[in-house]
Amino acid sequence: MGTYTAPTDQDLWQITEQLWESYLDPEGGRPLLIGPPSATGLDISAAVSVTGSWNGHVVLECSMAASRAAAAAMLGIGAEDVAEADIADALGEMANVIGGGVKSLLPGECALSLPHVVAAAGHRRIWPAVTEVCRLHGSWGDEPVTVSVLEQREELERGRRE
Amino acid sequence: VKVLIADDSRVMRQIVIRTLRQAGFRDLELIEAADGRQGYDTALAEQPDLIISDWNMPEMSGLEFLRSLRGSGSAIPFGFVTTEGTPEMRTTAESAGAMFLITKPFTAETFRDVLEPILA
């Protein structure tokens, strides 16, 4: 692969902020804010994989409380009425939208996978053989939210050789 | 006016329905499909006036849904609502017979601008 400008933290903010403004906080009363890096409380993750001229993953992680609030906001219902299936659906769709935004910044032709969601309290998901390209540390109503773009390491090595 | 919304995400189908209302389209008969295959079967059975479909779906993608529909001789107006809006995808969508491609995240204004000429 030739050289390209990798997505930046700022790009990721712009894409994620647009998602929040459109679907999670259209009234502007509960925006996503820049938060401290959080290693705990990220109990659920949703990811889409990118395959093609660029290979990697776009990963959204947050607390269970944030995921429930997100599903409630997207469905326009109270948090107490959110079903477990709605949480996975909402998080997956959020990862899908952010992934689509990231994909638009990548070189060449790539395909986006369907989202996959994993809820595992106390266990961070491990992504082997990747390099973090950019990351967003957010806070939504005091709940942690992170988004990261992870590039498959082989691609980086091949890029350096070409 | 009958509109079929095909998306594997129930959450996104609800957002599309809410956005249609916010865009001022209130007197629609809305029917839903959870993937492209179900969308295809529902479209043939219900003969909606417009189909709004996701692109990436299990069973049958939105593009396969559209191609199958056109292959069956149906000319029901069809458009995509998808996270991906590269020029290549827009060209592919148009070539297959799509009237529009709206990228997620979308707003009620976008829906109004794109759909008013079709639903008016």
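The values are calculated or read from the model by the stated rules, or taken from the named source; none is laboratory data. The structure displayed is predicted, hence computed values, not measured ones. Every residue, glycine as well, gets a Cβ built from its backbone with ideal geometry; the counts of neighbours run over all protein chains shown. Note: accessible area is taken over every heavy atom of the protein model, side chains too, but ligands, DNA and RNA are not part of it. Shrake-Rupley method; radii C 1.70, N 1.55, O 1.52, S 1.80 Å.
A few remarks follow.
- Positive-end ranking of A:I34, B:G97, A:T51 along the dipole of the protein assembly as shown, with charges on Cβ about the Cα centre, is headed by A:T51.
- Whole-Å semi-axes of the ellipsoid equivalent to segment A:11-93 (Cα gyration tensor, √5λ, descending): 22, 16, 14
- Under a 5 Å amide H cut-off, with hydrogens placed 1.01 Å from N, A:C110 pairs with A:S53 among residues at least 5 apart or on other chains.
- With a Förster radius of 30 Å applied to the beta-carbon distance between A:T40 and A:E17, the computed FRET efficiency rounds to 0.80.
- Couplings 3J(HN,Hα) for segment B:28-40, derived from phi with the Karplus relation 6.51 cos²θ - 1.76 cosθ + 1.60 (θ = phi - 60°), are 9, 9, 9, 10, 10, 9, 8, 6, x, 4, 5, x, 4 Hz, where x marks Gly and Pro.
- Mean partner shielding of peptide A:117-130, defined as the number of other chain Cβ atoms within 10 Å of each residue Cβ, is 0.
- Diffusion constant of segment A:6-59 at 25 °C, which comes from Stokes-Einstein with the Kirkwood Cα-pair radius and 0.890 mPa s, µm²/s: 183
- For segment A:16-56, applying the loop criterion from DSSP together with a ceiling of 10 other beta carbons within 10 Å to the GluC sites (Glu not before Pro) yields A:E27.
- Centroid-to-centroid separation of segment A:71-148 and segment B:6-22 [C-alpha atoms, Å]: 18
- Heavy-atom accessible surface that B and A bury in contact, both chains counted, 1.4 Å, Å² to 100: 1700
- Principal semi-axes in Å for chain A [√(5λ), Cα gyration tensor, largest first]: 28, 16, 14
- Comparing A:G76, A:G29, A:G100 in a Gaussian network model of chain A (Cα springs below 10 Å), the most mobile by mean-square fluctuation is A:G29.
- Sorting A:H57, A:H116, A:H123 by accessible area puts them as A:H123, A:H116, A:H57; the probe is 1.4 Å, largest comes first, and only protein heavy atoms count.
- Solvent-accessible surface of the protein assembly as shown, averaged per residue with a 1.4 angstrom probe and all protein chains in place: 45 square angstrom.
- Backbone phi angles across segment A:64-69, fed through the Karplus curve with coefficients 6.51, -1.76 and 1.60 (θ = phi - 60°), yield HN-Hα couplings of 4, 5, 5, 5, 5, 5 Hz in residue order; Gly and Pro are listed as x.
- Whole-percent carbon and sulfur share, accessible surface of the protein assembly as shown, 1.4 Å: 49
- Segment A:1-58, relative contact order in percent, only Cα pairs under 8 angstrom and at least six apart counted: 19
- Both radii were evaluated on the Cα set of the protein assembly as shown; the Rg over Rh quotient, with Rh as the Kirkwood radius, amounts to 0.97.
- Using C-alpha pairs under 8 Å with a sequence gap of at least 6, the mean separation divided by the residue count of segment A:1-120 gives a relative contact order of 33 percent.
- Relative contact order %, segment B:15-67, counting alpha carbon pairs below 8 Å whose residues are six or more apart: 33
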